[in-house]
Amino acid sequence: MSGTARARRPLKQGYFTVPENPAEPPKLMGTVCKDCGEYFFPKRVVCAKCLSENTADAMLGPQGTLYSYTFVHFPLFGSTKVEHSTGYGVGQVDLPEGPRVQVPLAGKQEDFKVGMPLVAELDPIREDGDKDVVILRFAPVAGGAK
Ligand SMILES: [Zn+2]
């Protein structure tokens, strides 16, 4: 290891940012309605609240609040990492801008509690040549229940 972080690419384009600095948390790529102010994730062309097409890209998060969650005892799809082979959490997370998103959770079942603050992070699930393929997960805020 040279100490240099490996390049990262998202599993799928258009859903979250991959900051150059690995210490910087990712943001979710959503939409804001410029007429009524409602936020959406994922992106959409027409506002689901007022049907306006006057929408723009908006960055959401990286913070969130855990609304509800469950754990599945099934390997994380697409991952070759051994730590993902026994299952993973899925949470419904309220973003500060309003949308409630369903996202994978990073951590063990006992790390999570409804209502706790979370923060988005990028988690490598496999390699693609010289790059790590990453997904966005929400983890307990450092210093929390982790
Ligand atoms: Zn609207």
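The values are calculated or read from the model by the stated rules, or taken from the named source; none is laboratory data. The shown structure was predicted, so the numbers you read here are calculated from the model rather than taken from an experiment. Counting neighbours? That spans all protein chains shown, and the Cβs are built from the backbone with ideal geometry, glycine included.
Which residues, taken from region 64-96, are in contact (Cβ under 8 Å) with a residue 40 or more places away in the chain, surrounded by fewer than 18 Cβ atoms within 10 Å (Cβ to Cβ) and not basic (Lys, Arg)? Scanning region 64-96 gives 65, 67, 68, 78, 80.
Listed here are the residues, each with its yes/no results for (1) at pLDDT below 95; (2) in contact with a Ser or Thr (Cβ under 9 Å, 6 or more places away or on another chain).
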residue: 5; (1), (2): yes, no
residue: 20; (1), (2): yes, no
residue: 23; (1), (2): yes, no
residue: 28; (1), (2): no, yes
residue: 32; (1), (2): no, yes
residue: 35; (1), (2): no, yes
residue: 43; (1), (2): no, yes
residue: 50; (1), (2): no, no
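Counting only strands (runs of 3 or more DSSP E) wholly contained in region 21-108, the ones carrying 2 or more residues that are over 29 Å from residue 126 (Cα atoms) occupy 28-33, 55-60.
Let's see how each residue does on (1) out of contact with any His (no Cβ under 6 Å at 6 or more places or on another chain); (2) more than 18 Å from residue 26 (Cβ to Cβ):
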| position | (1), (2) |
| --- | --- |
| 64 | yes, no |
| 76 | no, no |
| 88 | yes, no |
| 104 | yes, no |
| 107 | yes, no |
| 111 | yes, yes |
| 122 | yes, no |
| 126 | yes, no |
| 133 | yes, no |
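Within region 23-33, how many residues are surrounded by 14 or more Cβ atoms within 10 Å (Cβ to Cβ) and free of Cβ contacts under 8 Å to residues at least 24 places away in the same chain?
Going through region 23-33 one residue at a time, the tally reaches 1.
Note on region 26-57: among residues that are within 10 Å of the ligand (Cβ to nearest atom) and of a type in the set (D, E, K, R), the one that is nearest to the chain's Cα centre (by Cα) is 38. When residue 64 is tested against (1) more than 12 Å from residue 98 (Cα to Cα); (2) away from the ligand (no atom under 16 Å from the Cβ), only condition (1) is not met.
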